[in-house]
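Here you go, one structure.
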Amino acid sequence: MSPVEILDCLVADEVQANLGRAIIGREIMVLEQIGSTNDAVLEMARHSEEGLVLFAEQQTAGRGQRGNRWESPARKGLWFSILLRPKIDINQSARLTAWAAETVSDSIQKEFLLETSIKLPNDIQINGRKVAGVLVEMRAQEKRPHLAIAGIGINVNQSLEDFPENLRDRAISLAMALGRQVDRQKFAIAVLRNLDRTYRESFAS
Ligand code: BTN
């Protein structure tokens, strides 16, 4: 890894230290490469507490809605999943999708003063192009809150050429919208702080 690449790594301890006593971010892990963070968190769920956040620097089998592939190139975005045990019914996953999409959208607006919109149910857009997406998956549990995995992908530092040709007229990164590179670590902290606050307001009793 070159010195520039090392500087651009997500550092779990540093993110955690900036979150204080949070539900979301109570435990943070960063993996260099994995298939899909949603699949990995589902596997870890039995032995993990609500609020675990798993980031991957790169996903090799990132999944989007409707079986679509989610492009997740190394160190270009924020690709992460959150383990949740919300007190909602199994058929209410749309509430979690709306919560995550709105919070990510608001975070982009506040941190970068960019205008965003939400294309329901799960696309966050800038100028009609997708900058982020949400994939919520739930598993029923007996006699305790159901399990939910909120997977979030945010395009951060890609250039147009980093996207496959078929996505170039539909996708955008924060760097493309701002005309400068973005500090992923700093933005990860801001998004997690906001997700923790809004999750407590809407789902934690
Ligand atoms: C979509 O807009 O279609 C949903 C995209 C969700 C992508 C994220 S990246 C982290 C997590 N792991 C996955 O495999 N997918 C979600």
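Per the Kirkwood formula on distinct C-alpha pairs, the Rh of the range 33-152 is how many angstrom?
Details: mean 1/r = 0.0675 Å⁻¹.
Over the range 33-152, the inverse of the mean reciprocal pair distance is 14.8 Å.
While we're looking at this one, here's another question. Mean separation of Cα pairs under 8 Å and 6+ residues apart, divided by the residue count of the chain: what relative contact order is that in percent? It would help to have the intermediate numbers written out before the result.
Working: 400 pairs, mean separation 44.3, N = 205.
The value is 22 percent.
May I ask which residue of 159, 19, 194 lies farthest towards the positive end of the charge dipole of the chain, with charges of +1 (Lys, Arg) and -1 (Asp, Glu) on Cβ and the Cα centre as origin?
So the residue furthest toward the plus end is 194.
Using a simple charge model, +1 on the beta-carbon of Lys and Arg, -1 on the beta-carbon of Asp and Glu, nothing else, what dipole does the range 102-143 show about its Cα centre, in debye to the nearest 20?
Values: 6 positive and 7 negative charges, 25 e Å.
Its charge dipole is roughly 120 debye.
Sticking with this one: Apply the Karplus parameterisation 6.51 cos²θ - 1.76 cosθ + 1.60, with θ equal to phi minus 60°, to every residue of the range 103-118 and state each ³J(HN,Hα) to the nearest whole Hz, in sequence, with x for glycine and proline.
5, 5, 4, 4, 5, 5, 4, 5, 6, 10, 6, 9, 7, 10, 9, 10
Given H placed on each backbone N at 1.01 Å, which residues far from residue 130 in sequence or on other chains put an amide H within less than 5 Å of it?
171, 172
Using 0.36 nm times the number of residues separating residue 46 and residue 31, minus their current alpha carbon distance, what extension gain do you get? List each step's numbers first, then the result.
On the way: separation 15, 0.36 × 15 = 5.40 nm, distance 1.91 nm.
Between residue 46 and residue 31, full extension yields 3.5 nm more.
Let me ask something else about it. Quick one: Cα centre-to-centre distance for the range 63-89 and the range 127-205, in angstrom?
When both Cα centres are located, 7 Å separates them.
Order the peptides 115-123, 56-64 from the highest to the lowest mean number of other Cβ atoms within 10 Å of their residues.
The peptides rank, most packed first, as 56-64, 115-123.
Taking amide hydrogens as modeled 1.01 Å from N in the peptide plane, which residues meet the under 5 Å criterion relative to residue 63, leaving out close sequence neighbours?
The list, which skips near neighbours in sequence, is 70.
Related question: Keeping the other protein chains in place, figure out the carbon and sulfur percent of the accessible area of the chain, with a 1.4 Å probe. Mind showing how you got there, number by number?
Details: 4890 of 10350 Å².
Of the solvent-accessible surface of the chain, carbon and sulfur hold 47 percent.
Let me ask you something else. Put one equal scatterer on each alpha carbon of the chain, apply the Debye formula with no solvent term, and list log10 I(q)/I(0) at q = 0.08, 0.10, 0.13, 0.19 1/Å to two decimals.
Relative scattering, expressed as log10 I(q)/I(0), comes to -0.24, -0.38, -0.66, -1.51.
Next up: Note down the net charge around residue 50, summing +1 for each Lys or Arg and -1 for each Asp or Glu among other residues with Cβ under 12 Å from its Cβ. Walk me through the numbers on the way to the answer.
Numbers: positive: 26, 85, 87, 144, 200; negative: 27, 49, 196.
Result for the local shell: +2.
Run the dipole for the range 1-138 about the Cα centre, Lys and Arg Cβ at +1, Asp and Glu Cβ at -1, nothing else charged, and hand back the magnitude in debye, nearest 20.
So the dipole magnitude of the range 1-138 works out to roughly 480 debye.
Over the range 117-189, how many percent of alpha carbon pairs lie in each 10 Å bin up to the one with the longest distance?
Reading the bins upward from 0: 18, 40, 25, 12, 5, 0.
So what's Rg/Rh here for the range 57-99, counting alpha carbon atoms and using the Kirkwood radius for Rh? Let's see the in-between values first.
Numbers: Rg = 13.1 Å, Rh = 12.4 Å.
When Rh is taken as the Kirkwood radius, the ratio is 1.05.
Assuming 0.36 nm per residue, please report the length gained on full extension of the stretch residue 161 to residue 140 beyond their Cα-Cα distance.
This chain segment gains 3.5 nm when fully extended.
For the chain, what is the accessible area per residue in Å² when the probe is 1.4 Å? The partial results should precede the final answer.
Values: 10350 Å² over 205 residues.
On a per-residue basis, 50 Å².
The range 130-205: which trypsin sites (Lys or Arg not before Pro) are DSSP loop and have at most 12 other beta-carbon atoms within 10 angstrom? Spell out each step's value before the answer.
Details: sites: 130, 139, 143, 168, 170, 180, 184, 186, 193, 197, 200; in loops: 143, 168, 170, 180.
Passing both the DSSP loop test and the Cβ count: 143, 170, 180.
The values are calculated or read from the model by the stated rules, or taken from the named source; none is laboratory data. Here the structure is a predicted model, which means the values were calculated and not measured. Cβ atoms come from the backbone with ideal geometry, glycine included; neighbour counts cover every protein chain shown. Surface accessibility is based on the protein's heavy atoms, side chains included, excluding ligands, DNA and RNA. Shrake-Rupley method; radii C 1.70, N 1.55, O 1.52, S 1.80 Å.
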